Amino acid sequence: MADELYLATGNIHKLREFRQLLGSRVIGYTLPVEENGKTFEANALKKARAVMKETGKLAIADDSGLMVDCLGGSPGVRSARFADPPTPKNLCGKLLRLMQGCRNRNARFVCAIAIVYPSGASRVVTGTVNGKIAEKMLGRHGFGYDPVFIPSGQRETFAQMAPAEKNRLSHRGRAMRQLKAIIS
């Protein structure tokens, strides 16, 4: 089991979610990396490789986002840069404006987590969750698009759920459970 896991993120919400599943051994590490990959996997690998190179330690990074059917998969890999500043109000507001008139509200969250070892070897795990986009923002928990995303089989948005319930169902929770099995 790795003692320390260096997580490439400046996002306190992501750091909290990783620590809820993997414990306090997760150390947030902020390093500016341009996320210009065409896939979630490419961006996650780029960030994890940069942190491993900087620290010489096992590094992990995720890239995740929302893909909305009626918007052709957008915002996709640009999810965090879809609105400026990227607050839930701005992100969800822009998304809901663009979806006005869309009858197909199907969407999915995708999370790719890259693991890069000091040897340079790497691995990527992914998690997805299907759902629908609500007509308006609901709930006070979570971050990003959580106030508008209702996972399949549920009646509440991620932002209405307790954090433990969200982590059980979410794309990041699914990917992190795969990660935990690899690094434990």
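Considering the range 130-150 alone, what residues qualify as being part of a strand (DSSP E or B) and surrounded by fewer than 22 Cβ atoms within 10 Å (Cβ to Cβ)?
ASN130, LYS132, ILE150
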* Out of PHE82, PHE40, which single residue is under 20 Å from SER170 (Cα atoms), crowded, with 16+ Cβ neighbours inside 10 Å and among the aromatic types (Phe, Trp, Tyr)? -> PHE40
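Could you please let me know if LYS38 is among the basic types (Lys, Arg), at pLDDT 90 or above and more than 15 Å from the chain's Cα centre (by Cα)?
yes
The values are calculated or read from the model by the stated rules, or taken from the named source; none is laboratory data. From a predicted model like this one, the values you see are computed outputs, not experimental measurements. Note that we place each Cβ from the backbone using ideal geometry, even for glycine, and neighbour counts take in every protein chain shown.
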